[in-house]
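The values are calculated or read from the model by the stated rules, or taken from the named source; none is laboratory data. This one's a predicted model, so the numbers in the text were calculated from it and none came from an experiment. Glycine gets a Cβ as well: all are built from the backbone with ideal geometry, and neighbour counts include every protein chain shown.
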Amino acid sequence: MGLLACYAIDPDINLELQHGIPMETAWGTVFPMYHPAGGLHEPKKMLMIRNDWVRLGKYIKGKLREPADHYPYPSYSEISAQELFDDYLECNDYTRPLACDTEVTRFREPFCLSFSDAPGTGRLIRAEDTESLEIFQAILDRWEGPILFHNWLFDYSVTQAMGLRFPHKLIVDTMVRTYHLGNLPQGLKALAYRLLGMKMQDFDDLVTPYSTPLCLEYLRNALPLDWPKPDEQLKRDDQGQWKLYKPQSMRTKLKRFLTDYQKNPAKDVYKSWDNWEDSHELIQKVCGSWPGKDIRYVPMDKVIYYACRDADATLRLWPVLQGMTRQVRRKLSEHWE
């Protein structure tokens, strides 16, 4: 407890989601933290550090409010064009908030759009479902309430590629609103966990289990192929002298990685691939595009839950952020929630 009392916890770190350790059992474990004097060197962190000390005191006294997920059994699903027409285009209330989010492939191509207009719900439209997107555009043309995105600067180009035209005067970026408050993590998942008690899956955790087998198969198929011998290169040694250096061949790299992986399945295939940057063009010319981490490999039911939950979280955060914004000039930040 003595070590922890010297530091404030970084609000962007979700102990339970990232390390599997609930807050009540985290004491005594070393995690990245802000030093109390960090605010003197980086004033923008001062409010976060101050709030963390206040929250730590409340926790020790048993007075820290722990938010609970009020919708533990949400309704998330893919929506058809007919359902869109019946449930939304024919409705009479276009003044309520509408939260949206997008997902892309590893090549930044649109994969899907998700949206939510009621807490605990979310609907998904695939990027290739042009009929549903046309109906959704008709809904957008009638919408009058705020349209929420968390990081609109990213989603803007994706929605454009889908052929959607959002009314810019209605767009509200909840990440920008969070940044202006100055005392909260800006990442959607950490923010939703802290303010709403929502547990959300990280993108890497979603795609990695389904991408890794494809990447391993890609490398195994590449191993028996004939690879050209690399040209010798001039490099300086530790004494600054120029010497001829013979790089490893592609076959040697592949064989070494696969041998190491067989001994240690925890070895990171993506890190190894990144270390071979000079050979990417060569291997992809022969074997095709590197599979990488891609949402297209994930079963659709898991994609639906992941994507819809982002839109649902954005919608649920909106009234909380509004309430905090109204309190900025009235109360200290530790009393905004």
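On the stretch given as segment 154-198, residues that are aromatic (Phe, Trp, Tyr), assigned to a helix (DSSP H, G or I) and more than 30 Å from ASN51 (Cβ to Cβ) total 1. The criterion of at least 1 residues that are under 21 Å from the mean Cα position of the chain (by Cα) and of a type in the set (A, V, I, L, M) is met, among helices (runs of 4 or more DSSP H) falling completely within segment 268-337, by 269-275, 300-327. Of the numbered criteria (1) surrounded by fewer than 10 Cβ atoms within 10 Å (Cβ to Cβ); (2) touching a residue at least 60 places away in the same chain (Cβ under 8 Å), the one ASP226 fails is (2). Give the residue that is farthest from LEU282 (Cα to Cα), with candidates limited to residues of segment 232-247 that are at pLDDT below 75 and among the acidic types (Asp, Glu). So, considering only residues that are at pLDDT below 75 and among the acidic types (Asp, Glu), the one farthest from LEU282 (Cα to Cα) is ASP237.
Selection of segment 199-233 for residues being of a type in the set (Phe, Trp, Tyr) and assigned to a helix (DSSP H, G or I) yields PHE203, TYR210, TYR218. Note on segment 258-287: among residues that are surrounded by fewer than 16 Cβ atoms within 10 Å (Cβ to Cβ) and touching a residue at least 40 places away in the same chain (Cβ under 8 Å), the one that is nearest to PRO74 (Cα to Cα) is TYR270.
Only one of the numbered conditions (1) within 20 Å of LEU196 (Cβ to Cβ); (2) in a loop (DSSP other than H, G, I, E, B) is violated by ARG123, and that is (2). Can you confirm whether ALA68 is outside the structural domain of VAL172 (by TED's automatic domain parsing), out of contact with any Ser or Thr (no Cβ under 6 Å at 6 or more places or on another chain) and among the small types (Gly, Ala, Ser)? Judged against the criteria, ALA68 is a match.
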